[in-house]
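Novice: Attaching a single structure in structure tokens format; questions to follow.
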Amino acid sequence: MSSVDRTQHQAIHTLYTEHHGWLCGWLRKRLGCFDHAADLAQDTFIRVLVQRRAPELREPRAYLSSIARNLLIDMFRRRALEQAYLETLATLPEAQDISPEARLLIIETLLQIDQMLDGLGTRTRQIFLMAQLDGLSYVQIARDLRVSLNTVKNHAARALLHCLLVAEE
């Protein structure tokens with residue numbers, strides 16, 4: 001270990017031993033929890049180690065509190081994000097397990113629909129799906145596809161007639 005490294009190591013050790021207790025108390029006042037304060041104090045000193053700034057500090061407590069304050073902000077942001085995520089998850093409908101028979105029926109129905117749509121042209125299938133699955137009006141479909149309203153109506157009618165004929169077979 002070089003003399004610079006030894007000096008650096010000693011300076012960080014001194015900084016830690018002289019200010020760790022103070023920093024834990026400072027953080028505990030803001031967090032109200034000794035464990036979280038101790039964790040953030042350790043994270044603060046890890047930042048100091050990574051930055052290798054200890055030997056040149058004139059105001060070590062101001063420096064440590066600045067790092068700790070930034071870590072607090074990051075922690076509160078992360079908690080707010082996690083809370084928003086959990087609240088969003090809570091609003092989603094609960095997943096329901098379906099029986100194997102119901103699952104098989106759904107798969108068979110989807111296969112039948114796929115076979116019905118297989119005989120349609122690309123544009124006709126697209127218009128049919130936009131109307132039936134996306135719930136778009138014929139006017140919206142015409143605007144989205146940049147075709148006339150009559151074109152959309154003709155393709156939709158063709159798709160419905162095709163599905164009816166396939167269903168009768």
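Novice: Could you list HIS9, HIS162 in order of exposure, starting from the residue whose Cβ has the fewest other Cβ atoms within 10 Å?
Specialist: Numbers: HIS9 14, HIS162 18.
Listed from fewest to most nearby Cβ atoms, that is HIS9, HIS162.
Novice: Using only helices, what value at 222 nm comes out for the chain when you add -39,500 (n - 2.57) per DSSP H run of length 4 or more and divide by the total residues, to the nearest 500 deg cm²/dmol? Intermediate results must be reported in sequence, preceding the final value.
Specialist: Values: 7 runs with 137 residues, N = 169.
That comes out to -28000 deg cm²/dmol.
Novice: When ranked by the protection proxy of mean other Cβ atoms within 10 Å per residue, highest first, what sequence do the peptides 131-141, 101-111, 61-71, 35-45 form? Can you show the working numbers first?
Specialist: On the way: 131-141: 13.9, 101-111: 10.3, 61-71: 16.5, 35-45: 18.4.
Result, highest mean Cβ count within 10 Å first: 35-45, 61-71, 131-141, 101-111.
Novice: Cβ under 12 Å from PHE76's Cβ, PHE76 left aside: what net charge do those residues give with Lys, Arg +1 and Asp, Glu -1? The partial results should precede the final answer.
Specialist: Numbers: positive: ARG30, ARG69, ARG77, ARG78, ARG79; negative: ASP74, GLU82.
Result for the neighbourhood of PHE76: +3.
Novice: Right, something else. Just going by the charge dipole of the range 1-83, with Lys and Arg at +1 and Asp and Glu at -1 on Cβ, which of HIS9, LEU81, GLN51 is farthest out on the positive end?
Specialist: Most positive-ward Cα: LEU81.
Novice: Note the listed values [x] 42; [y] 56; [z] 68, then indicate which one is percent of Cα pairs over 22 Å apart calculated from this particular structure.
Specialist: This structure yields the entry labelled [z].
Novice: Roughly speaking, what is the centre-to-centre gap between the range 76-124 and the range 14-49 when only Cα atoms are used, to the nearest Å?
Specialist: Result: 47 Å between the Cα centres.
FYI, it's all coordinate maths here, none of it is from the lab. What you are looking at is a predicted structure, and each value in this text was computed from that prediction instead of being measured. A quick note on method: Cβ atoms are made from the backbone with ideal geometry, for glycine too, and the neighbour counts reach across all protein chains shown.
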